[in-house]
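Here is the structure we will look at.
FYI, it's all coordinate maths here, none of it is from the lab. For clarity, every value in this text was computed on a predicted model and none was experimentally measured. Backbone-built Cβ (ideal geometry, glycine too); neighbour counts: all protein chains shown.
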């Protein structure tokens, strides 16, 4: 009996040693790492979310990541505010508005730079032609509201000179085709869909309206960041690496993204041709300050937000910064 017990003990020890050898060095067991659920919309601004998931899903050492797709900004916000997801790729004006209301948020990165266009009906040839017409934006608390306001201002008009409405982005191309609206400004690929379908055209690239505008950012629940610093850092670094991958491997990135986002390849290719870039996602405080000033001017915010509390610039320092 003693020999049997010894043999059993040796076998158990051997199995344990083999299991330990099979687990990659430095990688925690799955039960020991937190799960990060990150919400996103099926738009080009979310490319880094899905590309990071594809490139790193089985490589994370300090966390597990579960991308969660939503169809609208209200749905995404409800999920974040209720704790169903711990991070989101979110409109930064919404992040400012949330911070004003006391919602716990930490902006750690941009999600993209540029890539938005003002799409209009074929008969619209200048911004001034939108006077008295209905124009759609995705959300009142969006940079697209600000961009529309700035474009109208340059044409000698104001938001009061058009009938602007909020509309879910996927509904915009069809609304333009029916004549329910005469223009819209939103994240891609919806403008491109209208253009390729033959009933819309690009009137302005958003960069022509505001060269340094910022739209969406990577927002974390600060409690997750505080409780899981290594996991947060690892994800942010993978997110930034995904951005660089997108800019240097566009065709492959599109192939990856189409597994998550139902966009025709031809539409995807043209949608990314509107100056969308992902390689430099670090947050510039000056850009957020300008975004906040415009939001205050349009009464999207009642008072300035404490940016020292909202922004975490340490997780993704500027290129060339010390230690980079």
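Worth a mention:
- Candidate values (i) 31, 52, 13, 4, 1; (ii) 30, 58, 12, 0; (iii) 36, 59, 4, label of the one derived for P(r) over Cα pairs in 20 Å bins from 0, in percent: (i)
- Counted over the chain, the DSSP beta bridges are approximately 55% antiparallel.
- Fewest-first sequence of 265, 287 by Cβ atoms within 10 Å of each Cβ: 265, 287
- Rounded to 10°, Cα long-axis angle of helix 47-56 versus longest principal axis of the chain: 20
- Label-to-label distance, nm, for residues given as residue 282 and residue 171 (7 Å Cα→Cβ offset): 4.1
- Shown for 300, 316, 110, 159: other C-beta atoms within 10 Å of each C-beta, ranked fewest to most, produce the order 159, 300, 316, 110.
- Choice from 236, 186, 219 showing the highest fluctuation, given a GNM over the chain with Cα pairs closer than 10 Å: 236
- Taking every DSSP beta bridge that has both ends in the range 117-209, the antiparallel portion is near 60%.
- Acute angle (nearest 10 degrees) that the helix 2-22 long axis makes with the longest principal axis of the chain, alpha-carbon atoms: 30
- Relative to the dominant Cα principal axis of the chain, helix 229-248 is inclined by about 50°.
- Overall Cα dimensions of the range 117-209, principal axis frame, Å, largest first: 31, 27, 24
- The range 224-324: C-alpha gyration tensor shape, a/c 1.5 cut-off, then a/b vs b/c: oblate
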